[in-house]
C-alpha cells in the first residue's frame, strides 16, 4: 500500500460530510456553474434566466447552459412566466 491511499479515503469521508444530499440530488458530473445555479434556485426560486444571472453573477450564456444541464438531469423544471410569456421561471423539481 502506498502512503497516498489513506489520504484519498480521508478526502472521500470529508466530501461525504460536506457534500450532503445536495450532491446526490444534482449529480457529481455537473459543471460548477450548474451547481451554483441549483443552489441559487434552492434559496430564491422561482427565477427567470435574467434573475438567475443577476443572483449568481454568471453571464446569461453560462446560466442558459447550466439550466440545460440541470433540466437534462431532471432536477429543474420551467414554466411560463405570467408577467412576460416570452420568459420562463425555473424551480427545483420536487
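Just one of 36, 52, 41 is in a helix (DSSP H, G or I), at pLDDT 95 or above and touching a strand residue (DSSP E or B) at 6+ places or on another chain (Cβ under 6 Å); which is it?
Sole residue among the options that is in a helix (DSSP H, G or I), at pLDDT 95 or above and touching a strand residue (DSSP E or B) at 6+ places or on another chain (Cβ under 6 Å): 41.
Cβ-Cβ under 7 Å, sequence separation 6+ or interchain: first residue in region 69-94 and without any contact (Cβ under 8 Å) to a residue 40 or more places away in the chain, partner loosely packed, with under 11 Cβ neighbours inside 10 Å. Which pairs?
Correct list of pairs: 93/74.
Output the number of the condition that residue 1 fails; it satisfies all remaining conditions of (1) at pLDDT below 90; (2) in a helix (DSSP H, G or I).
Residue 1 satisfies every listed condition except (2).
For residue 90, all conditions in the list (1) modelled with pLDDT of 95 or more; (2) part of a loop (DSSP other than H, G, I, E, B) hold save one; what is the number of the exception?
Residue 90 satisfies all of (1) modelled with pLDDT of 95 or more; (2) part of a loop (DSSP other than H, G, I, E, B) except (2).
The values are calculated or read from the model by the stated rules, or taken from the named source; none is laboratory data. All values reported here derive from a predicted model rather than from experimental measurement. Cβ: placed from backbone, ideal geometry, glycine included. Neighbour counts: every protein chain shown.
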